Structure formats: C-alpha cells, structure tokens
Amino acid sequence: MSIHAVTRRLAVATSAEHPAIQPDDAHLAASLERLGLPPTVCVWNDPALDWSAFDAVLIRTIWDYFKHHAAFLAWLQRLDALGVRTINDSALLRWNSDKRYLLDLARLGVAIIPTQLAAAHALPEVLAALAGQQVVVKPRISGSAWHTLRGVAGDAAFAEAVAQLPREYDYLVQPFVPEVVSDGEWSLLYFAGEFSHAVIKRPAVGDYRVQGEYGGRAEPAQPDAAILAAAARALAALAALGHRDHAYLRVDGVRSGGQFLVMELELIEPFLHLAAHPAAAERLARDVAARLASAAPADAR
C-alpha cells in the first residue's frame, strides 16, 4: 500500500516556550510534507487540543517536560488510551524520562559515569563519603542542567548550595569528568537504529555545561571505532531491556580514562543536529512515514 493511499495526520509536539518548528527541524518538516504528511505543530500540554484528531505524534521540542513530569506521564497515558501512537514509543519515552535508566544500562555492562541515587535529605550523607572530590548533583528527572550543581564534596559553600535544592526531587550524584571541559562531550545520532552523524559539544570558557543556552557550541566530528563500539553496546543494552525500535536516538558521552562513558541516551526530545545533514532529515521523515503507513488511521479507531 502506498504511503499516500490513506490520509495520515501527524502532530509535531512542541512546548509553549518553543512552539514553532525550530530551524534545525525545518528540513525534516519539509520532507514530511513532501511525503504527504504535513506536520501540525501542537504544544504538548495545551489543554484545548484534541489529540484524537491525529494518527501519531512526533515528539520534538517538548523541552520543558521534566518540569511537569507527572503531567507528561498523564499525557502519554491519554495518547495510549486514544490509540494515538508516539514517535518514539510511549513505553520508551517513560523509561527514558527517569535517569535511573543509567543504572539499567550499567547492569547490562554499559560503561557509564559512576552514579549514585539519593533523596534530597540523604545528599549530605552521600557527599560526606565523597569528601574532597569534584562532583555533579542533578535531579533524577531533569534536562538542560536544570537544578544541576557542580562543586567539591565537603566544601561549605557547595554544601549550602546543595541544601537549597528542591526537597521534593531525588538526585543523581556523579563524579565530575574533567574531559567534558578539556576534550568535549560527544553526541552520536542514530535513525532507525543506524548511525548517521556526530558532533562534539564544548562548554564556554569557565563553564562545564555544553548546552547552547549556557554558551556551549557544537562542531561536526567523526567518532573512531572504539566510540562507535561503545555506543553500539548501549544500543544493544537498550534492545535487551525490550526497547528495540526507535526512530531517533542520541548517545551522549565522554572519553575518560581510556574508555567512552555514556552520559545519556536521549530518546525523547533531543536536538538532532539535522541542519547540516539534510539526508538524515529525509531518512527520518521516510521512517516516520513508513511507521504511519502501517498504522490504522484515526477514523478507523
């Protein structure tokens, strides 16, 4: 059956702060339109939207979901109840929204930055055991360095900053990896399970955060065989956990101590660095179209 044989309706999920198609996704949107899937931009938590009008939702710039995590999970549940497919799959989105997934990967042999979980009230005890070490503390459910602190465990000023963190969250405690500053953080992009391209992200001078809003920058890079093999192990672990199918995936990591350490698997709303890779945007658009071609249209549900 042709992709165009049945009219499909695709929503592209965005956020109130970033409601429009972003420049990096412009060629993706144009490619979807050429395939007969003109994307309808929808703010994910707009209470007025009727999601049953769509056959699928492509998750893109919902860059505030972690600040409204309960609402995000409820939204996914509603889409499931309506029979509206999410790209990526809703079960994968739920799993990836909680950074405890890093421990799932570690149990399957993936090299990650050593990670401890702690409730807010337990942070002083955890940090006391790490006295003198440079550490990073971040919420278990977070993004874009939200409520993230870097400092020396045992330092009074750092302890005071930690004490000011919101008490309702659980936190990850990790050693600070200096190579993020000296060598940069890798992002490897995969579409339909196949490696596409990579960038190295570097923080601004005097900072450790690589996100653009903090002055970070990204530059194209070609990973070597060892980095690609480490990323492949992460994808194999993801499959072993039951998440074998993903339209898009970003593996973030850093080379330290002679090995590549996975920092994040980004499967919800990653920046995909598509502007410089139009062929990758077209490949993703074709994959989305194929997924919708195999699904029942909304009118048939």
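So here's what we get for this one:
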quantity: Which listed residue, of Arg244, Arg217, Arg250, Arg233, is at pLDDT below 95 and closer than 25 Å to Ile87 by Cβ; calculated: Arg244
quantity: Odd one out for Val43 among (1) more than 13 Å from Trp75 (Cα to Cα); (2) touching a Pro at 6+ places or on another chain (Cβ under 9 Å); (3) open to solvent by less than 50 Å² (accessible area, probe 1.4 Å); calculated: (1)
quantity: Residue match in segment 57-72 (condition: more than 18 Å from the chain's Cα centre (by Cα), over 21 Å from Glu264 (Cβ atoms) and modelled with pLDDT of 95 or more); calculated: no
quantity: Number of the exception - Ala161 against (1) farther than 25 Å from Ala128 by Cα; (2) part of a helix (DSSP H, G or I); calculated: (1)
quantity: Which numbered condition Pro19 fails, given (1) of a type outside the set (A, V, I, L, M, F, W, C); (2) open to solvent by 10 Å² or more (accessible area, probe 1.4 Å); (3) more than 16 Å from Glu269 (Cα to Cα); calculated: (3)
quantity: Scope segment 163-187; condition open to solvent by less than 50 Å² (accessible area, probe 1.4 Å) and either touching a Gly at 6+ places or on another chain (Cβ under 8 Å) or aromatic (Phe, Trp, Tyr) (or both); matching residues; calculated: Tyr171, Phe176, Glu185, Trp186
quantity: Test result for Leu188, at pLDDT 95 or above, part of a helix (DSSP H, G or I) and within 23 Å of Ala275 (Cα to Cα); calculated: no
quantity: From Leu32, Leu37, Leu79, Leu73, residue being within 17 Å of Leu92 (Cβ to Cβ) and touching a strand residue (DSSP E or B) at 6+ places or on another chain (Cβ under 8 Å); calculated: Leu79
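The values are calculated or read from the model by the stated rules, or taken from the named source; none is laboratory data. Predicted, not measured: the structure shown is a model, and the values here were computed from it. Cβ: placed from backbone, ideal geometry, glycine included. Neighbour counts: every protein chain shown. With ligands, DNA and RNA removed, areas are computed over all heavy atoms of the protein, side chains included. Shrake-Rupley method; radii C 1.70, N 1.55, O 1.52, S 1.80 Å.
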